[in-house]
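These notes concern the structure reproduced below.
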């Protein structure tokens, strides 16, 4: 399966698919922190979704023709409901919100048969449609709370693989909500996909 993981610098999802034998590539305007530049397209993800010939950071060209699966992680800075007060209070111009929404919709409209778009709880539930599914890390072996919405096209719902909710609830609140205690300077870490979720995507969607 040829897989494009858009807006992913961590390469967590990309590596999960690679480990299962798929031709997967990450794409972002940032260089990857995942350690595999030979699997990374440095540049515009909207160009990469067109398929055809792509060039990875090692300078090699790859003819992918059409992608079989797109997993997109569009930036949520101006979409998450947690930050909407900055627009209502006039701290941020509304144009940022609508530009971010338009970017999100480019992935939803991509000419690719199977699509998954990931974002936190956001205004896209109103501007686009409600997500097909909301998942949490504790359903995939990570004792943490972080609601993640999935908008799916021609993909089954993601089944949980390792529910650790009961164990998580024995932990201090600050530990199980660790991701929300990170400051704005940790945006990159806060946006990373949990390995358990990435593995579930690769195992369940990679078998299509």
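The values are calculated or read from the model by the stated rules, or taken from the named source; none is laboratory data. It should be emphasised that the depicted structure is a prediction, and the values quoted were computed from it without experimental measurement. Heads up, the Cβs are rebuilt from the backbone with ideal geometry, glycines too, and the neighbour counts pull from every protein chain shown.
Numbers below:
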quantity	calculated
Any hit, the stretch 140-150, residues being out of contact with any strand residue (DSSP E or B) (no Cβ under 6 Å at 6 or more places or on another chain), modelled with pLDDT under 90 and buried (at least 18 other Cβ atoms within 10 Å of the Cβ)	no
Residues of the stretch 104-125 that turn out to be assigned to a helix (DSSP H, G or I), without any contact (Cβ under 8 Å) to a residue 40 or more places away in the chain and either surrounded by fewer than 17 Cβ atoms within 10 Å (Cβ to Cβ) or out of contact with any strand residue (DSSP E or B) (no Cβ under 9 Å at 6 or more places or on another chain) (or both), as a count	2
Meets criteria (modelled with pLDDT under 95 and within 26 Å of residue 105 (Cα to Cα)) for residue 187	yes
